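*Asks:* What follows is a single structure, and I will ask about it in a moment.
The values are calculated or read from the model by the stated rules, or taken from the named source; none is laboratory data. Please read all numbers here as calculations on a predicted model, not as lab measurements. Positions of Cβ are generated from backbone atoms using ideal geometry, with glycine treated the same way; all protein chains shown enter the neighbour counts.
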Amino acid sequence: MLTAKEVAYQVTKALDDKKGMDIKLLKIDKVSSLADYFLICTGTSNTHVKTLCDYAEYTLDQLGEPLLGREGHRGNSWELLDYGSIVVHVFTQEAREFYSLERLWADAEQVDIRDIVVEE
């Protein structure tokens, strides 16, 4: 059984493998009971957003993590995958700027993922 942190790292790597952009992992357990982590990522198009979500879902399924919910908003400009301990948010650039989750969750701890995400 993987810890929430290990699961978060695996899905972060999966999004990076599929060229997800500006990936941020926020540890929110001290500021919210919604989840332990929020993983936020940008896709280059609505199709890329869907591809990233499908791959994240596949990866977490392989790890044995049950999907609690998947929601899409406004033609795939934002998709959300809820796994209980981690919530994955994938946006188009415009939707990410509009919803500005990093600002909303500014009290959360930003996890250093430089050892997971390969910078171009």
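*Asks:* In this structure, does Leu67 turn out to be under 19 Å from Glu6 (Cβ atoms) and surrounded by 20 or more Cβ atoms within 10 Å (Cβ to Cβ)?
*Replies:* Judged against the criteria, Leu67 is not a match.
*Asks:* Determine which member of the set Gln62, Gln110 is touching a strand residue (DSSP E or B) at 6+ places or on another chain (Cβ under 9 Å) and not aromatic (Phe, Trp, Tyr).
*Replies:* Numbers: Gln62 fails: touching a strand residue (DSSP E or B) at 6+ places or on another chain (Cβ under 9 Å).
Among Gln62, Gln110, only Gln110 is touching a strand residue (DSSP E or B) at 6+ places or on another chain (Cβ under 9 Å) and not aromatic (Phe, Trp, Tyr).
*Asks:* Let me ask something else about it. Can you name the residue in region 87-111 that is loosely packed, with under 15 Cβ neighbours inside 10 Å and free of Cβ contacts under 8 Å to residues at least 40 places away in the same chain and is also farthest from Asn46 (Cα to Cα) among such residues?
*Replies:* Filtering region 87-111 down to residues loosely packed, with under 15 Cβ neighbours inside 10 Å leaves 93-94, 97-98, 100, 103-104, 106-107, 109-110.
Imposing the further condition that a residue be free of Cβ contacts under 8 Å to residues at least 40 places away in the same chain reduces the set to 94, 97-98, 100, 103-104, 106.
On the way: Glu94: 11, Glu97: 15, Phe98: 15, Ser100: 18, Arg103: 23, Leu104: 23, Ala106: 26 Å.
It comes out as Ala106.
*Asks:* Follow-up question, since we're still on this one. Search region 25-41 for residues that are closer than 14 Å to Val88 by Cβ and pair each with any residue that is aromatic (Phe, Trp, Tyr) and not in a loop (DSSP other than H, G, I, E, B) when their beta-carbon atoms are under 7 Å apart and the residues are at least 6 apart or on different chains.
*Replies:* Once the first residue is closer than 14 Å to Val88 by Cβ and sits in region 25-41, its partners that are aromatic (Phe, Trp, Tyr) and not in a loop (DSSP other than H, G, I, E, B) give Leu25/Tyr37; Leu26/Tyr37; Leu26/Phe38; Ile28/Tyr37; Ile28/Phe38.
*Asks:* Looking at region 25-35, which of the residues that are within 16 Å of Asp82 (Cα to Cα) and not polar (S, T, N, Q) is surrounded by the fewest Cβ atoms within 10 Å (Cβ to Cβ)? Give the derivation first.
*Replies:* Let us first name the residues in region 25-35 that are within 16 Å of Asp82 (Cα to Cα), namely 25-29, 32-35.
So of that shortlist, the ones also not polar (S, T, N, Q) come out as 25-29, 34-35.
Numbers: Leu25: 24, Leu26: 25, Lys27: 18, Ile28: 18, Asp29: 15, Leu34: 12, Ala35: 20.
Per the stated criteria, the residue is Leu34.
*Asks:* Right, Val117: modelled with pLDDT under 95, within 19 Å of Thr59 (Cβ to Cβ) and in contact with a Ser or Thr (Cβ under 8 Å, 6 or more places away or on another chain) or not? Steps first, answer last, please.
*Replies:* On the way: modelled with pLDDT under 95: yes; within 19 Å of Thr59 (Cβ to Cβ): yes; in contact with a Ser or Thr (Cβ under 8 Å, 6 or more places away or on another chain): yes.
When the stated conditions are applied, Val117 passes them.
*Asks:* Would you call Gly84 assigned to a strand (DSSP E or B) and surrounded by fewer than 17 Cβ atoms within 10 Å (Cβ to Cβ)?
*Replies:* Details: assigned to a strand (DSSP E or B): no; surrounded by fewer than 17 Cβ atoms within 10 Å (Cβ to Cβ): yes.
So Gly84 does not fit the description; no.
*Asks:* Would you check which residues across region 1-34 are under 24 Å from Ser77 (Cα atoms) and either of a type in the set (Val, Ile, Thr) or modelled with pLDDT under 95 (or both) and list them?
*Replies:* Val11, Thr12, Ile23, Ile28, Leu34 - these are the residues of region 1-34 that are under 24 Å from Ser77 (Cα atoms) and either of a type in the set (Val, Ile, Thr) or modelled with pLDDT under 95 (or both).
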